[in-house]
Structure formats: C-alpha cells, structure tokens
Amino acid sequence: MHGEPDQIVPGMGRKGSFADKWRKVFRTFTTRKGLIGEYDYAFLFTPNLPFMKSARRGAPFFGLEDRMPVVLALILGLQHALAMLAGIIAPPILMAGSGGAELDTRTAQYLVSTSLIVSGLLSAIQMTRFHIYKSPYYLGTGLISVVGTSFATIPVAMGAFAQMYQSGYCPVDDQGRHLPCPQGYGALLATSSLCALLEIGLSFTSSRYLKRLFPPLVTGPTVLLIGVKLIESGLKNWAGGSGTCADRPTEGPFMLCPNNDAPHALPWGSAEFIGLGFLVFVTIILCEHFGSPIMKSCAVVLGLLVGCIVAAATGYFDRSGIDSAPSASFIWIHTFRLEIYPPIILPLLAVYIVLMMEAIGDITATCDVSRLDVEGPVFDTRIQGGVLADGVNGLIAGLCTITPMSVFAQNNGVISLTRCANRKAGYCCCIFLVIMGIFSKFAAALVAIPSAVLGGMTTFLFASVAVSGMRIISTINFTRRNRFILTAALALGMGATLVPDWFSFVFTYSGDNKAKQGLLDAVELVMATGFAIAGFMALILNLLLKEEEDDGVKGEAIEMADINASGSGSGSGEEVEREEQVRGKRVESSNDSSPKLNDVDDGAAVKND
C-alpha cells in the first residue's frame, strides 16, 4: 500500500489558516532545514569514474507532498528543465528551418522562445490538477507530468509543407526555391488545434476501453515508424542540413550547407559535418557511462553543449542572429493567420491518438516511479485528467503559435535517478522553462546551432522514439493473429516511410474543383505518411480479425520447426519440433505475465528501492 501523498483529490486534505500557511513559508525560507535540509548533494554530482568507489549512499525519497529543501527543489527543477530542453527546442527549429516552413531567423527564434514558455505554463496545468466543477472529472494529473513539443507532429508537418510548396499554397521563386511560408505554418497550427478536440472527447471515455480500442498492437508500430521517419531528418542535419543543400546542387546559393554565405560552409556530407555530429553522439554515450545522476539525465544537453563549444571554436557559428535578437520575448510577439488545411486532418487525428496512448503510458510510469498506486479510482482520475489536459494543451498550444504539446516521458528517468517525485521540483522546472523562453538571446543561440551539431543530438533523441515503439511491440503476445496484423501494418507503413512518393502518381486530376483537389491531396498525404497507414491498418485489422482458440505461439513454433527441419539438413525433424515446442511454451508463459511498469520508457523508470 502507498502512503498519504496519493490522496490529493479536493476535500481530502486539511486546509490551514492563512496565518499557518504564512508561518510555514517563513520557516521554509529562514531556517537551514527549510533552505538546505540534510540531503546528500554530493549524490547528484558524483561521477561514476573507474578509479572511484562505486558504493554510494542512497538518497532519501521525496513523495508527492513531502517537505523538501528549497535549494534541492531548485536544483532538481533545473535538472528536469535541462532533461527536456533538447526535446522542446528541436521541433520548432526543424519545422521553421530548411525542409520545413523556411521561416526567417527572427521568427524561428520567437518559436523556440514561445515553445519554452508554453511548455512551462502547460506543465503547471498538468501538475496542479483542477477539479471540474460539479462533475467527477479532473484536468491534470497532479504529478510531475512535464509537457513539451511533440515529435509526432514533425513527419506530418514536413510532409504537409512539401505538399504546400508543390501545390502553390506556399510561395517559390523563379528558380523553384522555397520562400518563407508563414501562411502554411498558420494552417498547421489551426488544423492541429481543431484535431485536438478528438483527444479532449476521448478523455471522458474509460481508460480501459481506450486500451482495448488502441492496444499496443496498434500504437507500437505507429510509434516505431514515427521514430524511423524522424531519424531520417536527424541524419540529414547531421550531414549538413535537411534543406536544398542536401541534394548537393552544382550551382546556386545552396551548393554548400547551410548556404554559400554561411561561415565555414561545406558540401553536404563533408567529413567535418560528420565529425561534429559524431562528437555530440559520443559525448552523450560517455555521460551515460561515466556521469553522475544529474549528468545522465542531462546527457543530451551536455552533448549539445560540447558540440556547440567545438563548433564555435572552429568557426561554424553565425553570431549575426544572436546580436540582432531582442533581449526579451513572449507569446504572440509574432502571429500567424489561422486557416484549416484539410489534407492534414487525417494524419493529425492519428497523431493525437498516438499522443493519447503515450500519455496513458507515461502517466502510469510516473505513478509507478513516484510510488503511487497504478490502479484504483484515484489512478483512473489521474489518467482521465492527464489525457484531458493533454488534449486541452494541444488546443492551447496552437492558439499560442506552437505545434501540439504532449506529456514527456524522459522526466520519469529524472524522478527515478534522483528519487524525488515532489511537485515543488516540478514547479521549479516550470519557472526555469519560462525564464529561458523570456530571454530571447538564449533562443537565438539555440537557433544558431549548426545543423551538424543539432543532427547529432536529434538523431539520438529520435532513435529513442523508435526504441519506445519497439518496447511497446515487445509487450504483445506474438500469436499468429498478432503477427499477421503487425506484418500487414508494417508492410505498408514501412514501405511508405522508405518510399514516400509511391502513391504520388495515382491521381492525375488537374481541374479547378478545389474541394476535389483537396480530398485527393489529403489521401496522397496520408498514403505518404507511413505511421498513419500503419496505425489505421492495425486498428482496422485488430477490430476485424478475431482471436482463435488455438491461436498461439506454440502452434507457430511447431510450424517453424517443420520449416527448419526440412531446410536445415541437420538433425531430425522430430527433435527440432520438440525443441521448438519447448521454446514456444516458455514464450507463452512469459507473455502471459503482464509487463513490468518499471520498464516504461527508455529505461527511465528503474525503481530505486
């Protein structure tokens, strides 16, 4: 059984007088116990070096509502902010840059600043947990559920922008080069806000029903293909950039990356670019192996920092954007014309379904590493409130000029490493994110990061998305039916991811009917979006194909044994068959047990007793 911190629903805690609260705050900021406490701060900063003793005194665990020192809350809040920093800044940089909406530098800086600010504000909504008046519903989880810009939107956005330039929705010059398209970005914002209504509506449905409708068999291949598509973008940036220069033109202003006039410009794929990205990648690995708890959770940011230092020392940075950036920024400094773009409605609906199921998994993981119940009425209200807040945050984010935001999973690793599930650290994280966003010079420095450095970091991040999809798939019982559904979903989904233009020449309509053309564009975009095809295919087949009584791994093992016996030429068929039957039984017994919640995401939720 878990303790009192789990019971944070309205009306269950005692409400003290204003004087009592004031005395409590005064003691917190004026006493050593309130400011510093007895925490072993060396635990956070001691690296795991070969010549140092590995024995380490375990840190105390801070529950949801436990008292904790102010200094520790600030340190852990900064750690949470740094752990999610790379994930927050990557989507707006990619969508505003080459290969995306091609927005100018000042607008890209604004989007990075706004992404940080909105992330801090919407994270506070998730953590605070509001009770909806005269209803059994809630808004928010009441946990350290941090919110950041979703990666799942990037493939849809990139495909949409490419189609917008091709159809004339976005402007191009006489040479066919893409010009800035704020109108296209505004259409993405408006359509994503509209599609957020799906997740808001589904949040009032039982989580058990949602898990039956969207099981791991549906969400697993979808998340996997999102990660695979994102890795393509990361590797292109690693080699120099994902824009026009990636085609290595023989003439024009983009013969070199990022352009001919950039400092230390080189052809796409040059060894110097590969080396810069590899430096970031290796730094992340070294931090994970040798780093202290705070270094491990911030490994991606530290890798980015090392890459930036080397890039600046070797002349890859362009300081003009940093020097010309304003001192401060906030939401709505820049605005975009909102307009619905019908072709991306279906892909965005698939995105929100994925975000909803990821939110359920992430909230469950957060409850687990926070030592709270992962079943029961309080847990169910956390799931309902978290999914509702996730949908509302997606709607609000679009109105705040940022693409959909969702619950981040990597902060579960921070909770597990630091043994702190206290919301005070979460609120400090929100404050740090808002401060980072307000100081636009900081955002300008992030936008100025060379593509090779950014690519080395984002490739690692995007690969973690694919690994999350693999982890979800690993929880499936691999019966013949389930393998058939996975095969059908991945056949089309993986194929469309590898060859996105495979469906581009099916429709040959060239008339003036805009409604018909919009419908054809929507179908074409869906067929070019691998994860959307895989998700819809898995969903339909999962509803149509019934589970057979004898449909299990054992039968498949026997069938495979026959194939192996006839084709291998070594050993008797009966021996191989018996061996495969034994293996099949072992797999069945292991699959019958429910997956541990501690294996939740990226190895983050390793519980530390």
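We did not get these values from a lab; they are worked out from the coordinates using the rules stated. Bear in mind that the values here come from a model prediction, so they are computed numbers and not experimental data. Cβ coordinates were reconstructed from backbone atoms using ideal geometry, including for glycine residues, and neighbour counts include every protein chain displayed.
Once label points are set 7 Å from the Cα along Cα→Cβ at both Phe45 and Arg248, what is their separation, rounded to one decimal in nm?
4.8 nm
Fewest first, what order do His178, His80, His289 take by the number of other Cβ atoms within 10 Å?
Ranking His178, His80, His289 by Cβ neighbours within 10 Å, fewest first, gives His289, His178, His80.
Using amide H atoms built in the peptide plane, which far-off residues or other-chain residues are under 5 Å from Cys257 H to H?
Here the answer is Leu266, Trp268, since their amide H atoms fall under 5 Å of that of Cys257.
Order of Thr497, Thr219 from fewest to most other C-beta atoms within 10 Å?
Listing Thr497, Thr219 from fewest to most nearby Cβ atoms yields Thr497, Thr219.
Please pull out the direction-averaged projected area of segment 188-341, using the convex hull of its alpha-carbon atoms, in nm² to one decimal place.
Mean projected area for segment 188-341: 14.8 nm², to one decimal.
Do the sum for the chain: with -39,500 (n - 2.57) for every DSSP H run of n ≥ 4, divided by all residues, what is the mean residue ellipticity at 222 nm, to the nearest 500 deg cm²/dmol?
-20000 deg cm²/dmol, from helical runs alone.
Every cysteine in the chain with no other Cys Cβ under 4.7 Å from its Cβ, please list them in numeric order.
Taking the Cβ cut-off of 4.7 Å, the unpaired cysteines of the chain are Cys195, Cys287, Cys298, Cys308, Cys367, Cys400, Cys420, Cys428, Cys429, Cys430.
Grab the beta carbon distance between Tyr209 and Ala313, set R0 = 51 Å, and tell me the FRET efficiency rounded to 0.05.
Once the sixth-power term is evaluated, E becomes 0.35.
Among Glu547, Glu102, what is the fewest-to-most ranking by other Cβ atoms within 10 Å?
Ascending number of Cβ neighbours within 10 Å: Glu547, Glu102.
Which of (i) 15, 36, 28, 17, 4, 0; (ii) 18, 45, 26, 9, 1; (iii) 19, 51, 27, 3, 0 is the computed P(r) over Cα pairs in 20 Å bins from 0, in percent for the structure on display?
The value computed from this structure is option (iii).
Taking the Cα centre of the chain as origin, sum charge times position over the Cβ atoms of Lys and Arg (+1) and Asp and Glu (-1), and report the length of that vector in debye to the nearest 20.
2560 debye
What ³J(HN,Hα) values, in whole Hz, does the Karplus curve 6.51 cos²θ - 1.76 cosθ + 1.60 give for segment 333-341 when θ = phi - 60°, with x put for Gly and Pro?
Residue by residue, segment 333-341 yields 4, 10, 10, 10, 5, 8, 7, 6, 10 Hz.
Want the number for Asp66 to Arg23: 0.36 nm per residue separation, take away the alpha-carbon distance, what's left?
That pair, Asp66 and Arg23, stretches by 13.8 nm at full extension.
I want the antiparallel fraction of DSSP beta bridges within the chain, as a percent rounded to 5.
Close to 90 percent.
Of the options Cys257, Ile36, Ile231, report the single residue whose Cα projects farthest towards the positive end of the charge dipole of the chain (beta-carbon charges: Lys, Arg +1; Asp, Glu -1).
Farthest towards the positive end: Ile36.
Karplus couplings for segment 283-293 from phi (6.51 cos²θ - 1.76 cosθ + 1.60, θ = phi - 60°), rounded to Hz, Gly and Pro as x?
Karplus-based 3J(HN,Hα) across segment 283-293 equals 4, 4, 5, 5, 5, 5, 7, 9, x, 6, x Hz.
Once phi is turned into θ = phi - 60°, what whole-Hz ³J(HN,Hα) does the Karplus curve with 6.51, -1.76 and 1.60 give for every residue of segment 405-414, x standing for Gly and Pro?
10, 9, 5, 8, 9, 5, 6, 4, x, 5
How many Å³ per residue does the convex hull of the Cα positions in segment 136-246 occupy?
Residue-normalised Cα hull volume stands at 155 Å³.
Write out the chymotrypsin sites (Phe, Trp or Tyr not before Pro) in segment 107-164 meeting two conditions: DSSP loop, and at most 15 other Cβ atoms within 10 Å of their Cβ.
Here the sparse-neighbourhood loop sites are Tyr133, Tyr137.
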